[in-house]
Amino acid sequence: MDLSVRIGSLTLHNPLVAASGCFGYGVEYADVIDLASLGAVAVKGLFLAEREGHPAPRIVETPAGMLNAIGLQGIGVRRFVAEKLPELRARRATVIVNICGSTLDEYVELARILSDADGVGALELNISCPNIKEGGIQFGCSLNGTFDVVSAVRKVTTLPVMPKLTPNVTSVASFARAAEEAGADAVSLVNTFLAMAIDVETRRPKLSNIVGGLSGPAIRPIAVRMVYECHQAVKIPIVGMGGIADARDALEFMIAGAAAVQVGTASFVDPFIWSKLLDGIRDYMQRHRIERVADLVGTVDTTEQDKEWISS
Amino acid sequence: MPPLDLSAEVTSNTPLSADYNVLALAAPAIAAAVSPGQFVMLKPAGGYDPLLRRPFSVFEVLRDARGAPKGISILNKRIGPTTDLVYAARPGQRIACLGPLGRPFTPIEPPGEAWLVAGGVGLAPFASLAETLGGRGVRTTLFYGARRAAELFYLDFFRHLGVELALTTEDGSAGERGRVVEPFERELAARPPTAPIMVYACGPERMLAATARAAARSGRPCQVSVERIMGCGLGGCYSCVVPMKDEHGAAHHVRSCLSGPVLPADRIVWD
């Protein structure tokens, strides 16, 4: 049974990736699970500089989901390379570094620094964080901006480049196309849906940032639809995410068109979810006699069904 | 030790009032590993509503007749969906229990004295701490405040351990009328500044801030157990941050799940 998948020049030995922003820098989990057992670890979004992020409260639960507005707290790329990357290397983790800038130059500088570092498998361009004004999202909400940031990074790195797309646009597929045309090796989608929750007793927003990003099972059907649409629109691999909580959910994304999947919110609830997801995928492949998991990608069958019995 | 995720059986659920209960869980491996001040992440129901686990301080370490750890208990107060489920849990039911997590209290040795300051459900981490301190022969006082007499729990438990009690209620129905910080601060002022006292505090944020200020004024070290909304308990989500000063006085957001929940009070930036 072959669980490996390819993201540009990067081969993941299985399709499960810990989602950026949901797994710290990976090292937090080094004694909890075997980091090498994951397809990859997408680390928390990094700017050039250290950032403190928003004050608490930063998360709030909603039906089958949660809102977050962390505000991209982070240690900055240099401390990441010096303090976290060596341990990730020692643990044999495949590392996808999520990078975030407020200017094109910042993305380019981040890409240069990380291309020179030892142990980076790919770059995920964060152009979709809904919670901060000055970073990323202005690129992710404009087709030209997406094209420009991907091309600029593409020019300075040979690492696989994968912009992470926001769902807070009319047509995610057109952004996937812009990324592909600019030379992206893959796209990941979706980031969180911009949302809000209010305490009606106090009439105060439940998050210090007023608004935040919705994740969790509540968003899954919308994310699956967006992955499906992007798979129709581009040839580059898609890394799908949005509310995956069990193996069936992961398979659903792959059948819709995702070559690999990221899991975030569900690993908050169950940090040991990874082996359960893998077991479920293996079991499915056995039952359906699928030798290579890559053969499952985009196999949703939408051919015309014989529906005559409905009307007759 | 890495945390364990146990499907822990509820062995008993004792209501203390209409809002408070003590839930006992069979979790020998967690009970054997936990230190006072550490917490567990509980998910009392499967499914997506509520979706996330919720952090709870470990209240008691439960032991069998021979003294071997067999489980833990949780002091719970109903404030939302998860705590409602914990309140209503039935013996025999299983609850996902991840732990032990976080940094514990640092217990002192004699001749140091321990002063515990608890507000409401903030009593939670002090049962096991008082036991540990008692085992070391540390003279311990518990300053414990609640809204009313009926919400002061486990007093005999602490008395049995030899803990001196200073009680307050907001309505004056037991102990002194007022806030728990008042007798704490008064007693502190009555002691010579050279008397070695370690202050431990857990409760509402304003009570913690007032306790921290009083301890600082008298030059006493103070360890506080903070409560924040937590997504994961493992450092993954960055939701449970507390603003803390570094050695240069600059404030940083520190994750209370990894660096805490027990934190040095003099480093916290209190609003």
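Hey, can you grab everything whose amide H is under 5 Å from the amide H of B:A201? Only 5+ residues off in sequence or another chain; H modelled, so Pro and N-termini drop out.
Counting only residues 5 or more places away or on other chains, the set is B:V117, B:Q223, B:V224, B:S225.
Using DSSP to call loops (not H, G, I, E or B), can you name the trypsin sites (Lys or Arg not before Pro) in the range A:253-293 whose Cβ has at most 10 other Cβ atoms within 10 angstrom?
Listed in order of number, the matching sites are A:R289.
Provide Rg over Rh for the protein assembly as shown; use the alpha carbon set for both Rg and the Kirkwood Rh (inverse mean inverse pair distance).
Reported Rg/Rh, Kirkwood definition of Rh: 1.02.
Using amide H atoms built 1.01 Å from N in the peptide plane, name the residues 5+ places from A:G21, or on other chains, whose amide H lies under 5 Å from its own.
Answer set, sorted by chain and number: A:K44, A:G45.
Please compute the length gained on full extension between B:D19 and B:D156, using 0.36 nm multiplied by the number of residues separating them and subtracting their Cα-Cα distance.
47.3 nm
Tell me the mean residue ellipticity at 222 nm calculated for chain B from its helices only (DSSP H runs of n ≥ 4, each -39500 (n - 2.57), averaged over every residue, nearest 500).
Mean residue ellipticity at 222 nm (helix-derived): -5500 deg cm²/dmol.
Considering only A:T299, A:T202, A:T157, give the residue with the highest GNM mean-square fluctuation for chain A, with springs between Cα atoms whenever their separation is below 10 Å.
Its mean-square fluctuation being the largest, the pick is A:T202.
Around B:W270, under 12 Å between beta carbons, what's the net of Lys plus Arg minus Asp minus Glu among the other residues?
Residues near B:W270 contribute +1 overall.
From the phi angles alone, apply the Karplus equation (6.51, -1.76, 1.60; θ = phi - 60°) to the range A:158-163 and give each ³J(HN,Hα) in whole Hz, x where the residue is Gly or Pro.
With coefficients 6.51, -1.76 and 1.60, one gets 9, 5, x, 10, 9, x Hz.
Would you calculate the separation in nanometres between label points at A:T202 and B:A251, each defined as 7 Å from the Cα along the Cα-to-beta-carbon direction?
Computed distance between label sites A:T202 and B:A251 equals 1.7 nm.
State the antiparallel share, in %, of DSSP beta bridges confined to chain B, rounding to the nearest 5.
Of those bridges, close to 60 percent are antiparallel.
Give the Cα extents of chain B along the principal axes, in whole Å, largest first.
Its Cα atoms span 53, 43, 37 Å along the three principal axes.
Tally Lys and Arg at +1 and Asp and Glu at -1 over the other residues with C-beta under 14 Å from the C-beta of B:A96: what net charge comes out?
That works out to +2.
If a paramagnetic tag sat 7 Å from the Cα of A:A49 along the Cα-Cβ line, which residues of the range A:79-110 would have the backbone N under 17 Å from that point?
Residues A:79-80, A:100-110 fall inside that zone.
For A:P271, what charge total do you get from the other residues with a beta carbon under 14 Å from its beta carbon, if Lys and Arg give +1 and Asp and Glu give -1?
Net local charge, A:P271 excluded: -2.
Fewest to most neighbouring Cβ within 10 Å: what's the order for A:D2, B:D5?
Exposure proxy ranking, most exposed first: A:D2, B:D5.
Show me, for the range B:34-47, the HN-Hα J-couplings you get by feeding each phi into the Karplus relation (A = 6.51, B = -1.76, C = 1.60, θ = phi - 60°), rounded to Hz, glycine and proline as x.
Along the range B:34-47, the couplings run 6, 10, x, x, 6, 10, 10, 9, 10, 10, x, 9, x, x Hz.
I need B:C240, A:C22 ordered by Cβ neighbour count within 10 Å, fewest first.
A:C22, B:C240
In deg cm²/dmol and to the nearest 500, what is the mean residue ellipticity at 222 nm of chain A if only DSSP H runs of at least 4 residues count, each as -39500 (n - 2.57), divided by the residue total?
-9000 deg cm²/dmol
Which far-off residues, 5 or more places away or on another chain, put their amide H under 5 Å from the one on A:I244, with H placed in the peptide plane?
For A:I244, whose amide H was placed from the backbone, the distant partners under 5 Å are A:G264.
DSSP beta bridges in the range B:113-267, what fraction antiparallel, as a percent rounded to 5?
Taking every DSSP beta bridge within the range B:113-267, about 25 percent pair in antiparallel fashion.
Please compare each pair in B:K43/B:K77; A:K44/A:K235; A:K164/B:K245 to a cut-off of 22 Å on the Cα-Cα distance and tell me which ones are over it.
A:K44/A:K235; A:K164/B:K245
Restricting to bridges with both residues inside the protein assembly as shown, how much of the DSSP beta-bridge set is antiparallel, in percent to the nearest 5?
Among the beta bridges of the protein assembly as shown, antiparallel pairing accounts for roughly 55 percent.
Can you list the DSSP H helices in chain A whose Cα atoms extend at least 15 Å along the helix axis and whose mean Kyte-Doolittle hydropathy is -1.0 or higher?
Those that clear 15 Å and a mean of -1.0 are A:104-116, A:143-156, A:220-233, A:273-287.
Roughly what angle does helix B:181-190 make with the longest principal axis of chain B, taking Cα atoms, 0 to 90 degrees, to the nearest 10?
That helix lies at roughly 40 degrees to the long axis.
Gaussian network model of chain B, Cα springs within a sub-10 Å range: biggest mean-square fluctuation belongs to which of B:Q223, B:Q38, B:Q93?
B:Q93
Extending each Cα 7 Å along its Cβ direction at A:V156 and B:T106, get the distance between those two points in nm, one decimal.
A separation of 4.3 nm, rounded to one decimal place.
Please state the Cα pair-distance histogram of chain A with 10 angstrom bins from zero: what percent is in each bin?
Binned Cα distances yield the sequence 6, 29, 37, 21, 6, 1, 0.
Rank these for me by crowding, A:Y25, B:Y20, going from fewest to most other beta carbons within 10 Å.
Ordered from fewest to most neighbouring Cβ atoms within 10 Å, A:Y25, B:Y20 come out as B:Y20, A:Y25.
Which of B:T141, B:T169, B:T14 moves the most in a Gaussian network model of chain B with Cα springs under 10 Å?
Taking springs between Cα atoms under 10 Å, the residue moving most is B:T14.
If you plug each phi of the range A:51-59 into the Karplus form 6.51 cos²θ - 1.76 cosθ + 1.60 with θ = phi - 60°, what whole-Hz ³J(HN,Hα) values come out, in order, with x for Gly and Pro?
Values per residue, Gly and Pro as x: 9, 8, x, 7, x, 6, x, 9, 9 Hz.
All of the numbers you see were taken from the coordinates with simple rules; none came from a lab. Computed from a predicted structure; not experimentally measured. Here Cβ is always computed from backbone atoms with ideal geometry, including for glycine, and neighbour counts include all displayed protein chains.
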